[in-house]
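Written below as structure tokens is the structure these notes are about.
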Amino acid sequence: MDRPDLIPAPSSLRWSPPAGHVRIDGGTPLEARPGTEGVARWFRATVGAATGLPFPNGNSNDNSDGSGDGTRAGDHHGAGSRIVLDIDPGLAPEGYRIAIDGHAQRITGGSAAGVFWGAQTYRQLLGPDAYRRAPVGPPGRPWEVPAAVVADEPRFAWRGLMLDVARHFRPKDDVLRYVDLLAAHKLNVLHLHLTDDQGWRIEIKRYPRLTEVGAWRARTRRGHRASTLWDDQPHGGHYTQDDIREIVAYAAERHVRVVPEIDVPGHSQAAIAAYPWLGNTDVVDTAALSVWDTWGVNPNVLAPTDETLRFYENVLEEVLDLFPAGTSPFVHLGGDECPKDQWRASPAARARIEELGLADEDALQSWFIGHFDRWLTRRGRRLIGWDEILEGGLAPGAAVSSWRGYAGGIAAAEAGHDVVMCPEQHVYLDHRQDGGPDEPVPIGYVRTLEDVYRFEPVPPGLSPAAAAHVLGTQANVWTEVMDSRSRVDYQVFPRLAAFAEVAWSTGLPTDPAARDFAGFERRMAAHYRRLDALGVDYRPPGGPLPWQKRPGVVGRPIDGPPPNV
């Protein structure tokens, strides 16, 4: 059996002894020590389905010293070694240790999450067929795992992917699938962009028109907003509250947090179309607005009234119930790309600025965000928003998603705010992967697999105190030009594998130029086979396949390298 190449690369890996392996078969028991029962359920349901092995309960055969009943490494004829899942508080909370050394195979973590990440590495050790949903070999086929000792822990606590389901809705099963794909890459945050001008995707029982009206648009522009092409089929959909509960619970079982985003005060035309009084009715005929069918920065923003505040408080009351604090302490409130033109033209907005003693419209946006920061804090939650929330001042407890380069994140971290680094110049996976003419609907800067691998979340020169405020990093996937699961896959993979190594691997040099991209590419050869087994429609290294292209659909190429900001 070939030694598998692991992604993300672990902190320490020792093959022991050379060429040794352990056989697992139908008699191999799985012992789940206290606190690891959820990992055992996942292991039997996932690895058990792929291998066809039952992994019977081994808890009755407790050999706490680890000497166990395992097959010696290199012994090709034993009945199979016991697999033990255990927690050692002496390890880092998400750290793990795998010991396949001739005794019982042990996957030990600093918490259940650490055990789970260790189980994901164990799955890689079994080979690509361990990623299938059913066995592909002959019935009763024995499996072999190489003898190895792996010690590992993550660099960052926040290792995320933002999936935009507002611009193009992705059904619940697609979201659950992405939870599994994140977990397979040791990523632990799914940020769901649930509301925007083009659609409202979460059921709010108090305001049914948000989904009755706001979840559907009559048509959709194909390509960039400069395109003259339209898809005239109505588009939409939403998640029921039970759908959301299922997604959150499914993710929690896989140690993935789901962070909901409810965008305010901009990116709100879908909500205004459903409830016109939310808009600036003294300057716009909001009753004539419908869910937006094109892309860009929309001028229709929320009115800064007490009624609007109460509406969104009621929305957030239901959101908090669906996303429990134990699994989703953060709530993302957007705060980006909020044009102030309507507020400048609105007598009611100008009167509100004067009433509140604010300097200008930027301060009005800060007041809006600050209101919900305090509201969330009183309920034991934390607000996070895009870096525009820094404009006009930011409340002490709020965190920042730095998307317009590093600058916003640096300013926030130096001011004592926690930061998630997600600069568009580096980790916006909707941006094109090559400068050639065949990329489907080319958007933005060219960001190759190597570019993503050389992304460094902590900018040089950040003070040690500020660097401690970098919670981690996140790749973002905006779906204006991604109208299917396959298109999302194409944009996300294989670059998400490179991003996962950046977010996880403590051994990766912080100097991007010192990183061994050639070695990563070599390991990717094995990882492509895992992605194949998972059914991921990734971009092949040689470029898009014929059915992955979108000839004639206008994109938005940006010439030249992205600015290093």
Q.
From the gyration tensor of the Cα coordinates in the stretch 418-483, what semi-axes in whole Å does the equivalent ellipsoid have, largest first, with each one equal to sqrt(5λ)?
A. 28, 13, 7
Q: Answer with one residue from SER328, GLY26, VAL400: the one whose Cα lies farthest towards the positive end of the charge dipole of the chain, charges on Cβ with Lys, Arg +1 and Asp, Glu -1.
A: GLY26
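For CYS338, CYS422, what's the fewest-to-most ordering of other Cβ within 10 Å of each Cβ?
Lowest count first: CYS422, CYS338.
Taking every DSSP beta bridge with both residues inside the chain, roughly what % is antiparallel (nearest 5)? Can you show the working numbers first?
Details: 25 of 68 bridges.
So the antiparallel bridges amount to about 35 percent of the total.
Mind pulling the per residue volume of the convex hull built on the Cα atoms of the stretch 339-401? Å³ is fine.
Details: hull volume 5.1 nm³, N = 63.
Cα convex hull per residue, to the nearest whole number: 82 Å³.
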Q: Would you mind calculating the relative contact order of the stretch 300-430 from Cα pairs under 8 angstrom and at least 6 residues apart, reporting the percent as a whole number?
A: 20 percent
Q. For the stretch 91-107 and the stretch 395-414, what is the separation of their Cα centres, given in Å?
A. 37 Å
Q: Using the Cα centre as the reference, give the magnitude of the dipole from point charges on the C-beta atoms of the stretch 340-430 (Lys, Arg: +1; Asp, Glu: -1; all else neutral), rounded to the nearest 20 debye.
A: 480 debye
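Test of understanding: ordering MET162, MET524, MET421 by Cβ neighbours within 10 Å, fewest first, what list do you get?
Lowest to highest Cβ neighbour count: MET524, MET162, MET421.
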Q: State the answer as a single residue: which of ILE262, PRO563, VAL145 lies farthest towards the positive end of the charge dipole of the chain, with beta carbon charges of +1 for Lys and Arg and -1 for Asp and Glu, about the Cα centre.
A: VAL145
Q: Please turn the phi angles of the stretch 194-204 into ³J(HN,Hα) values with the Karplus equation 6.51 cos²θ - 1.76 cosθ + 1.60 (θ = phi - 60°), one per residue in order, whole Hz, x for glycine and proline.
A: 8, 9, 6, 4, 8, x, 10, 10, 10, 5, 10
Q | Using θ = phi - 60° and Karplus 6.51 cos²θ - 1.76 cosθ + 1.60, couplings along the stretch 528-538 (whole Hz; Gly, Pro as x) | A | 4, 5, 5, 4, 4, 5, 7, x, 8, 8, 6
Q: Let me have the relative contact order for the chain, percent, based on Cα pairs under 8 Å that are six or more residues apart.
A: 15 percent
Q. If the cut-off is 29 Å between C-alpha atoms, which lysines fall inside it for LYS172, apart from same-chain ones fewer than 8 positions away?
A. LYS186, LYS205, LYS549
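So, with +1 on the Cβ of K and R and -1 on the Cβ of D and E, and no other charges, what is the size of the charge dipole of the stretch 449-498 about its Cα centre, to the nearest 20 debye?
Values: 4 positive and 6 negative charges, 20 e Å.
So the dipole magnitude of the stretch 449-498 works out to roughly 100 debye.
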Q: Provide Rg and Dmax in Å for the stretch 456-565, with only Cα atoms included in the calculation.
A: 16.7, 50
Q. Based on Cβ point charges of +1 for Lys and Arg and -1 for Asp and Glu, what charge dipole magnitude is obtained for the chain about its Cα centre, in debye rounded to the nearest 20?
A. 1260 debye
Q. Helix 306-322 sits at what angle to the longest principal axis of the chain, using alpha carbons and giving 0 to 90 degrees rounded to 10?
A. 10 degrees
(Q) Suppose only helical runs count, i.e. DSSP H with n ≥ 4. What mean residue ellipticity at 222 nm does that imply for the chain under -39500 (n - 2.57) per run, divided by all residues and rounded to the nearest 500 deg cm²/dmol? (A) -9000 deg cm²/dmol
**Q.** log₁₀ of I(q)/I(0) at q = 0.10, 0.19, 0.20 Å⁻¹ - the stretch 274-432, Debye sum with one point per alpha carbon
**A.** -0.40, -1.35, -1.41
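Whole number please: convex hull volume per residue, Cα atoms of the stretch 374-515, in Å³. Intermediate values should be presented prior to the final figure.
On the way: hull volume 19.6 nm³, N = 142.
Per-residue hull volume (Cα only) is 138 Å³.
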**Q.** Inter-centroid distance (Cα atoms) of the stretch 116-165 relative to the stretch 484-554, Å
**A.** 17 Å
Q. Could you give the Stokes-Einstein D for the chain in µm² per second, using the C-alpha Kirkwood radius, 20 °C, 1.002 mPa s?
A. 86 µm²/s
Q | Helix 112-126 vs. the chain, principal-axis angle (Cα, 0 to 90°, nearest 10) | A | 60 degrees
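Here, each number is a calculation from the coordinates, and none is a lab measurement. These figures come from a predicted structure and were not determined experimentally. Don't worry about glycine lacking a Cβ; one is built from the backbone with ideal geometry, like all the others, and counts go over all protein chains shown.
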